[in-house]
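Okay, so here's the structure we're looking at.
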Amino acid sequence: MASIAPISTSFINKRYERSSSKKICSVMSPQQAERKPATTGSVKTGMTMTEKILARASEKTKLIPGENVWVNVDVFMTHDVCGAGCFGVFKKEFGQDAKVWDPEKIVIIPDHYIFTSDERANRNVDILRDFSLEQNIKYFYDINDLSDFRANPDYKGVCHIALAQEGHCRPGEVLLGTDSHTCTAGAFGQFATGIGITDAGFVLGTGKLLLKVPPTLRFVLDGEMPDYVLAKDLILQIIGEISVSGATYKTMEFVGTAVESLSMEERMTLCNMVIEAGGKNGVVPADGTTHKFLEDKTSVAYEPLYSDENARFLSEYRFDISKLEPLVAKPYSPDNRALARECKDVKIDRVYIGSCTGGKTEDFLAAAKVFLASGKKVKVPTFLVPATQKVWVDIYSLPVPGSGGKTCSQIFEEAGCDTPANPSCAACMGGPRDTYARMNVPQVCVSTTNRNFPGRMGHKEGQIYLASPYTAAASALTGFVTDPRKFLH
């Protein structure tokens with residue numbers, strides 16, 4: 001398990017140690033350094049990034065944790081699972097003929113239960129289409145032909161990845177969505193969180209929502225990332241440290257040299273799973289990496305916000321990432337952390353690479369890197385589900401570094417993996433019985449997804465080991481939970 005960097009006593013004035021079955025974690029409750037009052041009045045306490053974003057969105061000059069404020073929403077997103085519900089609330093409360101507050105700030109993305117013969121699931125997509133046409137929604141990413149997703153140029157795939165790819169994620173803004181993993185967008189330095197259908201119905205009609213300002217936990221991740229570790233390992237480490245309730249209704253702010261070195265897709269992985277720690281939202285400060293990613297994604301002007309130097313954080317955690325090893329979360333909780341090498345005797349039945357957490361282009365490039373290094377074939381069925389159409393195209397077109405020009409798809413085929421499937425959420429949340437790669441019988445699966453509760457991917461007796469794409473690919477090659485260093489080193 002990763003060791004924790006020593007904490008300078010000059011930086012904090014309170015420290016306590018919490019024992020763990022794996023290691024000691026040093027945690028601190030930062031307090032303001034002693035300062036003499038200014039001659040013109042009392043010293044002002046700064047604000048965190050989240051407090052600043054919500055202050056600007058509520059037209060306030062100052063906010064503190066615990067305040068309730070009416071926030072103006074920049075972008076609202078819903079999908080096929082929750083769309084019908086929030087549309088129903090909207091019409092009940094605002095009237096059958098009511099119009100949404102702004103049809104250009106609403107994004108509607110079918111993505112969960114798409115490629116199925118289930119009539120109710122299909123009807124949910126029809127309801128999205130009817131509402132979008134009725135309300136003249138500008139950003140509705142429709143799908144009509146289920147036999148070939150490529151025949152639907154507007155169809156994108158998994159909402160959280162599509163939001164980023166289509167330029168709907170911008171620093172300093174407020175993005176609300178009817179999905180708990182909406183927090184993924186915090187990677188762009190914005191406030192992004194999931195809401196229920198009642199709140200969503202209100203947002204549709206007013207463009208506002210009453211929110212309580214969360215306190216902020218700060219995670220300082222320093223050190224050079226080992227070449228066998230990915231952002232999924234970072235967030236599994238953090239969740240394992242603070243538990244699935246450790247950040248309940250709190251912001252998780254990620255900073256440090258290791259965070260700064262991450263690509264946008266890896267930052268999205270980091271923020272994606274803050275909800276698995278109970279977090280209200282996750283944020284990464286916008287920087288050059290953020291701005292470069294957005295260059296060809298949006299023409300909308302944005303203004304990043306950053307935490308003040310004298311901002312108050314509820315607690316601060318420091319990690320030396322250079323000592324981190326590949327991790328898994330064992331059944332049946334994302335905080336049931338273990339070293340991958342400690343689970344080498346766990347026999348598995350399948351591997352699943354996909355979802356908003358682990359189905360991005362870089363996730364598949366990582367898996368391909370392991371398969372390429374091994375030169376072997378997988379020993380268990382290995383399912384590949386690209387998050388979006390763009391990811392699917394990348395799998396078939398981008399050369400894998402060091403492969404002599406081979407694409408991910410060629411490497412996956414040589415390794416004996418299943419053909420990359422239609423872009424969607426697929427089996428991550430179970431779905432109808434005919435959902436691709438759904439666990440309809442009790443099996444043991446290593447998955448790059450985000451939750452491993454009973455029944456999450458289908459059968460209630462299925463066992464899910466959450467892991468990075470590196471660890472998932474390595475496990476596919478052996479038929480056991482496997483540390484990827486077996487093939488990468």
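More than 30 Å from Pro214 (Cβ to Cβ) and modelled with pLDDT under 95: which single residue out of Phe149, Phe131, Phe115 fits that description?
Every option except Phe149 fails the conditions.
All but one of (1) surrounded by fewer than 20 Cβ atoms within 10 Å (Cβ to Cβ); (2) assigned to a strand (DSSP E or B); (3) touching a helix residue (DSSP H, G or I) at 6+ places or on another chain (Cβ under 7 Å) hold for Leu384, so report the exception by its number.
Exception for Leu384: condition (1).
Determine if the stretch 244-257 includes at least one residue that is touching a helix residue (DSSP H, G or I) at 6+ places or on another chain (Cβ under 8 Å), within 22 Å of Thr482 (Cα to Cα) and either open to solvent by less than 10 Å² (accessible area, probe 1.4 Å) or of a type in the set (S, T, N, Q) (or both).
no
Here is a list: Val393, Val446, Val441. Which entry is in a strand (DSSP E or B) and of a type outside the set (Ser, Thr, Tyr)?
On the way: Val393 fails: in a strand (DSSP E or B); Val441 fails: in a strand (DSSP E or B).
Val446 is the lone residue from the list that is in a strand (DSSP E or B) and of a type outside the set (Ser, Thr, Tyr).
All but one of (1) open to solvent by 40 Å² or more (accessible area, probe 1.4 Å); (2) part of a loop (DSSP other than H, G, I, E, B) hold for Phe293; state the number of the condition that does not hold.
For Phe293, the failing item is (2).
Which ones in the stretch 347-372 are open to solvent by less than 40 Å² (accessible area, probe 1.4 Å) and assigned to a loop (DSSP other than H, G, I, E, B)?
Ile348, Gly359, Lys360
When the residues of the stretch 308-342 are narrowed to those that are within 23 Å of the chain's Cα centre (by Cα) and small (Gly, Ala, Ser), which ends up farthest from Ala467 (Cα to Cα)?
Ser315
Okay, residues lined up against (1) closer than 26 Å to Arg150 by Cα; (2) in a helix (DSSP H, G or I); (3) out of contact with any Ser or Thr (no Cβ under 9 Å at 6 or more places or on another chain):
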position: Ser409; (1), (2), (3): yes, yes, no
position: Glu413; (1), (2), (3): yes, yes, no
position: Ala427; (1), (2), (3): yes, yes, no
position: Thr435; (1), (2), (3): yes, no, no
position: Arg456; (1), (2), (3): no, no, no
position: Lys460; (1), (2), (3): no, no, yes
position: Tyr465; (1), (2), (3): no, no, no
position: Ala473; (1), (2), (3): no, yes, no
position: Ala476; (1), (2), (3): no, yes, no
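Considering the stretch 327-346 alone, what residues qualify as being basic (Lys, Arg) and not in a helix (DSSP H, G or I)?
Lys330, Arg337, Lys344, listed by residue number.
For a quick check of your reading: which strands (runs of 3 or more DSSP E) sit entirely within the stretch 66-171 and have at least 3 residues that are surrounded by 22 or more Cβ atoms within 10 Å (Cβ to Cβ)?
Passing ranges, in order: 75-79, 106-109.
Are there any helices (runs of 4 or more DSSP H) wholly within the stretch 185-273 with 3 or more residues that are under 25 Å from Thr298 (Cα atoms) and at pLDDT 95 or above, and if so which?
197-206, 264-272
Among the residues of the stretch 437-449, is any over 15 Å from Val385 (Cα atoms), in contact (Cβ under 8 Å) with a residue 24 or more places away in the chain and under 23 Å from the mean Cα position of the chain (by Cα)?
The answer is no, given that none of the residues of the stretch 437-449 is over 15 Å from Val385 (Cα atoms), in contact (Cβ under 8 Å) with a residue 24 or more places away in the chain and under 23 Å from the mean Cα position of the chain (by Cα).
Farther than 27 Å from Ser374 by Cα and either surrounded by fewer than 16 Cβ atoms within 10 Å (Cβ to Cβ) or touching a residue at least 12 places away in the same chain (Cβ under 8 Å) (or both): does that describe Cys425?
Judged against the criteria, Cys425 is a match.
The values are calculated or read from the model by the stated rules, or taken from the named source; none is laboratory data. Please read these numbers as outputs of a predicted model, since none were measured by experiment. Positions of Cβ are generated from backbone atoms using ideal geometry, with glycine treated the same way; all protein chains shown enter the neighbour counts. Protein only, heavy atoms only, side chains kept; ligands, DNA and RNA dropped before computing areas. Shrake-Rupley method; radii C 1.70, N 1.55, O 1.52, S 1.80 Å.
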